[in-house]
Amino acid sequence: MVTSPYQEAVMDFRRRKDEHFAAGRGPVDPATFHGLRYYPPDQQWALSAPLTPTEQQAELVLDTNTGQPRTMALYGTVTLPLPGGDPSEQERTLSVFVPLGDGQPQRVFIPFRDATSGQETYGAGRYLDAPLARSEDGGALVSVDFNLAYHPYCAYDDGWTCPLPPRENVLPVAVQAGERLPEG
């Protein structure tokens, strides 16, 4: 099978994550860990879009799986042209977050749910850690690669508190990219 450099990079990222979990540095028992399950890498789900920053970082309280609120800074929004699906559902604006007090982040946090949530992926949603870069005009660009979407630790163990995606980050399309539930 011929793979592109992009696909190889995604597969390497996944291999390193499996090694991390297998070494006991994740939320699962390494004795029972047999690797995570993913959708095949699909470059159409690797998107880049300008960040629309908030006027002033606003504190936003996100609900969590345990009911303990998690306060983060709303850093801005990113509008993405999602592949496939109904044209009216293709462009979506997602809120992006950073830890409180991080005025110069290298990446933003994007929790999201989609049409796979609860069926093919964790019901409460998945996460993205999206790197920031600078465009030629000096604005911030967000690299949103859904192939790197992952389940929060609370998907594996109830002992973790995980922020839930806000309403605006619930996508009506199936994002068949990134981590998925184990078989069975």
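The values are calculated or read from the model by the stated rules, or taken from the named source; none is laboratory data. This one's a predicted model, so the numbers in the text were calculated from it and none came from an experiment. All Cβ positions, even for glycine, are placed from backbone atoms using ideal geometry, and neighbour counts span all protein chains on display. Only protein heavy atoms, including side chains, enter the accessible area calculation; ligands, DNA and RNA are left aside. Shrake-Rupley method; radii C 1.70, N 1.55, O 1.52, S 1.80 Å.
Can you pull the percent of Cα pairs in the range 1-69 with separation above 17 Å? Roughly 67 percent, once rounded to a whole number. Close amide H pairs (under 5 Å, H built 1.01 Å from N) link Arg37 with Arg180, residues at least 5 positions away or on another chain.
Taking label positions 7 Å along the Cα-Cβ direction at both Ala58 and Asp158, the computed distance is 3.5 nm, reported to one decimal.
The charge dipole of the chain, taken about the Cα centre with unit charges on the Cβ atoms of Lys, Arg (+1) and Asp, Glu (-1), comes to about 260 debye, rounded to the nearest 20.
A convex hull fitted around the alpha carbon atoms of the range 2-146 yields 168 Å³ per residue.
Please compute, over every Cα-Cα pair in the range 31-99, the percentage with a separation greater than 17 angstrom. Mind showing how you got there, number by number?
Working: 1501 of 2346 pairs.
Value for the range 31-99: 64 percent of Cα pairs lie more than 17 Å apart.
Under 5 Å from the amide H of Val144 lie the amide H atoms of Leu47, Ser48, Ala49, each residue being 5 or more positions distant or on a separate chain, with H modelled from the backbone and absent for Pro and chain starts.
Mind listing the long-range amide H neighbours of Val108? Cut-off is under 5 Å, sequence gap 5 or more, other chains count too, H placed in the peptide plane at 1.01 Å from N. Amide H to amide H, under 5 Å and 5 or more residues apart or across chains, Val108 pairs with Ala130, Leu132.
Which Cα, out of Gly159, Pro81, Ser4, lies furthest along the positive dipole direction of the chain (beta carbon charges, K/R +1, D/E -1)? Result: Gly159.
Given a 1.4 angstrom probe, I'd like the percentage of the accessible area of the range 7-46 that is carbon and sulfur, rounded to a whole number.
Details: 1270 of 2460 Å².
The computed percentage sits at 52.
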